[in-house]
1. So which residues in segment 71-84 are under 25 Å from Tyr51 (Cβ atoms) and touching a residue at least 40 places away in the same chain (Cβ under 8 Å)?
2. Among the helices (runs of 4 or more DSSP H) lying completely within segment 1-85, list those that include at least 3 residues that are of a type outside the set (A, V, I, L, M, F, W, C) and at pLDDT 70 or above.
3. Quick one: Leu161 ticks every box in (1) outside any loop (DSSP other than H, G, I, E, B); (2) within 23 Å of Arg313 (Cβ to Cβ) bar one, so which box is it?
4. Please determine, by comparing only the residues of segment 171-184 that are part of a loop (DSSP other than H, G, I, E, B) and in contact with a strand residue (DSSP E or B) (Cβ under 9 Å, 6 or more places away or on another chain), which one is surrounded by the fewest Cβ atoms within 10 Å (Cβ to Cβ).
5. If you scan segment 315-330, which residues turn out to be touching a strand residue (DSSP E or B) at 6+ places or on another chain (Cβ under 6 Å), of a type outside the set (Val, Ile, Thr) and surrounded by fewer than 17 Cβ atoms within 10 Å (Cβ to Cβ)?
6. If you go through segment 177-202, how many residues are more than 17 Å from Cys131 (Cα to Cα) and among the hydrophobic types (A, V, I, L, M, F, W, C)?
7. Identify all residues within segment 191-216 that are of a type in the set (Ser, Thr, Tyr) and surrounded by fewer than 17 Cβ atoms within 10 Å (Cβ to Cβ); write none if there are none.
8. So Cys131 ticks every box in (1) in contact (Cβ under 8 Å) with a residue 60 or more places away in the chain; (2) within 30 Å of Gly75 (Cβ to Cβ) but one. Which box is left unticked?
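The values are calculated or read from the model by the stated rules, or taken from the named source; none is laboratory data. This one's a predicted model, so the numbers in the text were calculated from it and none came from an experiment. Cβ placement follows ideal geometry from the backbone for every residue including glycine, while neighbour counts extend to all protein chains displayed.
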Amino acid sequence: MKNIFKYASLGLVGMVLAGCANTDIDDFEVTKPQSVADYEYLDQYNSLKDYINREKTPGFTLGVAASANDYIAKGFLHRLINHNFDMITAGNEMKYASIVANDGTMDFSTVESFVEIAEAAGMQIYGHTLCWHEQQNTTYLNGLIKDTTEDAKKVIIDAELARWIDGMMKATEGKVKVWDVVNEALSDGNNDELKHMSTENKSANFYWQDYLGDNYVRNAVKHARESYDSIPGTNPADLKLFVNDYGLEGYGSKKVKSLISWINRWEHDGTKIDGIGTQMHVTYALNPEAQKRNEEGVVEMFKLLAATGKLIRITELDMGIKETDQWFEDGYLTSDMTIDKLKAMGEYYDFIIKAYFQYIPKAQQFGICQWCITDSPANSGWRKGEPVGLWTLDYQRKPAYGNFCEALKAATDNN
């Protein structure tokens, strides 16, 4: 009897609860936040490199710059890069100051790991950089030439340039086939001159050309080719050496014309430079007239570069945004951005990519490298706090990502 009463009581409770339940649900709507709706369309895109028509662009590579140490860590950034790009440039780890200690010893362990891990992932490496005036170990370099004659300085510095380049080539075992052999040679104040300590007045830098003259580019090319050729199993024809500089799309085309003139001068004695790298740290101008000048500068640069017959690569593409094209004007920060500003920047990416494929002949199309994968952190030393990436700092796609995809597809399909 106790069990029967127990089950009967439970059944009665269930009937009461069921009777009290309201099965009618009132209709209601949830308004999607505009911040979500504005970005939903980006979910339709695959990886960036999926939009390249490889049959029509056989020599083209899509690159990105990143910390070699971050890539070696094999975390999320490693996977994101492998998923979206063909080639990676180390931000700092392949530069002289990162490797050469105050006593002159060279530690290539990070470079060796970087090459090994990139090779395992099927990722190519763009070498950056063999000869530059910044990020040098000035303590060691200045110590080498202290209390020596001018003639001796020339011999010592050229020997050190050769030692450094040979060390890097041997450490990468011929697996890094493309290099910025010389970076940012031209003066900002007078583009017909090379940078020198006397004109730049930056004591933290070391200018190889102060001791080797304009031959320093010829010497760097010579040392790179000889060292690469000495590595067993390499093919000298595989090595591609680029001269890389910034601002070529501006200054009324003066700087790009000067660089081309310098390359012709350097090659007069038979020195071979394979390609020209244009960095393109550009800025979108909200003022229509200013933006028109920006775009005209880009087109004129590509036309002049194309006429050289050399391989052409956009080596360090990133983008800020300002009201006008005046260099002294502060740009907008990421915190200032609206969806309209972000879309306007995306349209400029579209313009640049399409212009590259329109004006650079197929045989010269070596590639495009996005320099900043994400927006710049507020404490960064590069374009601090600016919206320069294709992803946000928490790796959310931005409108520029969609424009990048669409432009790659349209431009390479019609190449």
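1. Just the residues of segment 71-84 that are under 25 Å from Tyr51 (Cβ atoms), to begin with: 71, 76-84.
Across segment 71-84, the qualifying residues are Tyr71, Phe76, Leu77, His78, Leu80, Ile81, Asn82.
2. Numbers: elements: 2-20, 34-37, 68-72, 76-84.
The qualifying helices (runs of 4 or more DSSP H) are 68-72, 76-84.
3. Only one criterion is unmet by Leu161, namely (2).
4. Going residue by residue through segment 171-184, those that are part of a loop (DSSP other than H, G, I, E, B) are 173-177, 184.
Restricting the remaining residues to those that are in contact with a strand residue (DSSP E or B) (Cβ under 9 Å, 6 or more places away or on another chain) gives 175-177, 184.
On the way: Lys175: 14, Val176: 24, Lys177: 18, Glu184: 20.
It comes out as Lys175.
5. Listed by number, the list holds a single entry, Glu329.
6. So the answer is 0.
7. Taking segment 191-216 as the starting set, the residues that turn out to be of a type in the set (Ser, Thr, Tyr) are 198-199, 203, 207, 211, 216.
Scanning segment 191-216 gives Ser198, Thr199, Ser203.
8. The failed condition is (2).
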